[in-house]
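S.K.: Handing you this structure, nothing more for now.
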Amino acid sequence: MPKSVLVTGGAGFIGSNFVSYFCRKYPDYFVINLDKLTYAGNLENVRDCEGLENYLFVKGDICDEALVTRLFKEHDIRGVIHFAAESHVDNSIKGPRIFAETNVMGTLNLLDVARKHWMDAPGRVKPGYEEARFHHISTDEVYGTLGEEGYFYETTPYAPNSPYSASKAGSDFLVRAYHHTYGLNVTTSNCSNNYGPRQHPEKLIPLIISNALKEKPLPVYGKGINVRDWLYVLDHCKAVDLIFHKGVSGETYNIGGHNERNNITIVKTICAILDGKRPRSGGRRYEELIAFVKDRAGHDLRYAINADKLTRELGWHADENFDTGIVKTVDWYLENLPEVA
Ligand SMILES: NC(=O)c1ccc[n+]([C@@H]2O[C@H](COP(=O)([O-])OP(=O)(O)OC[C@H]3O[C@@H](n4cnc5c(N)ncnc54)[C@H](O)[C@@H]3O)[C@@H](O)[C@H]2O)c1
């Protein structure tokens, strides 16, 4: 009988890239994609999985205990890979409540249903469920902000600064607690900023590409000096696959590509690529559209991940670097943005 794996949030940016990759890599798994289809979820993102025999989409909320319990029972779920979240920092500043509900309470609900399905009592796994694992996807933002030097390690104390990162930190602690209290088989990964196909246009890279092609201003927060460590989405998916299968229960793994760039460099890089691929009329350059806007409240200066543990212990390395990944990404949006294709 195929092993059933529940993937949450698989209609969003990273989840959809993951589901497409995972269903094809593991034809023996039955992959159930549970997604509420909030504004951030889009079934177009997983159109290429429709019709696969080992794939099922279920529209629903990770907070819905009855639904999640039914899915566990009906499919005898043996693995959870949990992407679903409210994910946009700006939205969390405007309306934090839904971030606590989805990211904290939703994670708690999934953990608790998994515990009841896989375990008889604290420390006692039901016979046959020894391999059943819960993998939780988190972010480097839980570690707070860095100065110009240094990196986030798995041992860096948590210091979340936005309602988004605070809610993710809360979910990470619940995952940790389910391992320490009940002995649930869990792993967690904390990843840096992702980029690539299928990202929601509210996020920096697709927003810049889309605005540029529409000749609209390219908004850059503050002076554009905030630094993020950028990882191509497929490299994140491969790392999650590796940790889900080979990671040590109870452990946390940082994922990052050592590709630190500040925002203004990202925007100028995209402009230069577009100048080559879709030149503006009259010899103008896309860079001329850059518009500096009021900085985000509480904007963290710099994130940078040290992913040595994942490389050393599980052999992971990123296949893409930023210079190659960003060209692929721009090409994808040029072909797929409805307004410019
Ligand atoms: N995007 C990044 O750069 C990044 C970096 C590190 C970690 N992460 C984490 O990776 C995960 C995925 O991020 P993303 O960028 O793909 O997010 P996204 O916003 O693109 O997608 C989130 C998905 O979750 C779904 N969802 C939201 N609430 C739900 C609920 N209550 N029940 C079921 N589904 C629900 C949405 O419909 C959407 O499809 C998140 O946990 C995020 O914290 C993201």
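S.K.: Take VAL125 and decide whether it is over 13 Å from ILE77 (Cβ atoms), in contact with a Ser or Thr (Cβ under 6 Å, 6 or more places away or on another chain) and β-branched (Val, Ile, Thr).
M.R.: no
S.K.: Which of the helices (runs of 4 or more DSSP H) contained wholly in region 232-329 include at least 3 residues that are farther than 15 Å from SER189 by Cα?
M.R.: Where helices (runs of 4 or more DSSP H) fall fully within region 232-329 and carry at least 3 residues being farther than 15 Å from SER189 by Cα, they are 263-277.
S.K.: Just one of the numbered conditions (1) buried (at least 23 other Cβ atoms within 10 Å of the Cβ); (2) more than 20 Å from the chain's Cα centre (by Cα) is not true of LYS168; which one?
M.R.: LYS168 satisfies every listed condition except (2).
S.K.: Among the residues of region 71-78, is any at pLDDT 95 or above, within 23 Å of TRP118 (Cβ to Cβ), within 11 Å of the ligand (Cβ to nearest atom) and in contact with a helix residue (DSSP H, G or I) (Cβ under 6 Å, 6 or more places away or on another chain)?
M.R.: no
S.K.: Name every residue in region 163-200 that is farther than 19 Å from GLY79 by Cα and either free of Cβ contacts under 8 Å to residues at least 40 places away in the same chain or assigned to a helix (DSSP H, G or I) (or both), in order of residue number.
M.R.: Once the filter is applied, which keeps residues that are farther than 19 Å from GLY79 by Cα and either free of Cβ contacts under 8 Å to residues at least 40 places away in the same chain or assigned to a helix (DSSP H, G or I) (or both), region 163-200 yields PRO163, TYR164, SER165, ALA166, SER167, LYS168, ALA169, GLY170, PHE173, THR181.
S.K.: Which one is surrounded by the fewest Cβ atoms within 10 Å (Cβ to Cβ), of the residues in region 82-112 that are among the β-branched types (Val, Ile, Thr) and under 14 Å from HIS136 (Cβ atoms)?
M.R.: Per the criteria, the residue is VAL104.
S.K.: Follow-up question, since we're still on this one. Tally time: how many residues in region 1-52 are more than 10 Å from the ligand (Cβ to nearest atom), assigned to a helix (DSSP H, G or I) and more than 20 Å from LEU67 (Cβ to Cβ)?
M.R.: The number of residues fulfilling the criteria is 10.
S.K.: Let me ask you something else. Hey, can you tell me all the residues within region 123-154 that are part of a loop (DSSP other than H, G, I, E, B) and farther than 20 Å from LEU301 by Cα?
M.R.: GLY123, LYS126, PRO127, GLY128, TYR129, GLU130, GLU131, ALA132
S.K.: Could you please tell me which pairs satisfy a Cβ distance under 8 Å, a separation of 6+ or placement on different chains, a first residue in region 59-72 that is without any contact (Cβ under 8 Å) to a residue 60 or more places away in the chain and at negative phi, and a second residue that is of a type in the set (Lys, Arg) and more than 9 Å from the ligand (Cβ to nearest atom)?
M.R.: Here the result reads THR69/LYS116, each pair linking region 59-72 to a residue that is of a type in the set (Lys, Arg) and more than 9 Å from the ligand (Cβ to nearest atom).
S.K.: Take VAL248 and tell me if it is surrounded by 17 or more Cβ atoms within 10 Å (Cβ to Cβ), at pLDDT 95 or above, under 22 Å from the mean Cα position of the chain (by Cα) and away from the ligand (no atom under 15 Å from the Cβ).
M.R.: no
The values are calculated or read from the model by the stated rules, or taken from the named source; none is laboratory data. Only a predicted model underlies this, so the values are computations on that prediction, with no experimental measurement involved. We place every Cβ from the backbone using ideal geometry, glycine too, and count neighbours over all the protein chains shown.
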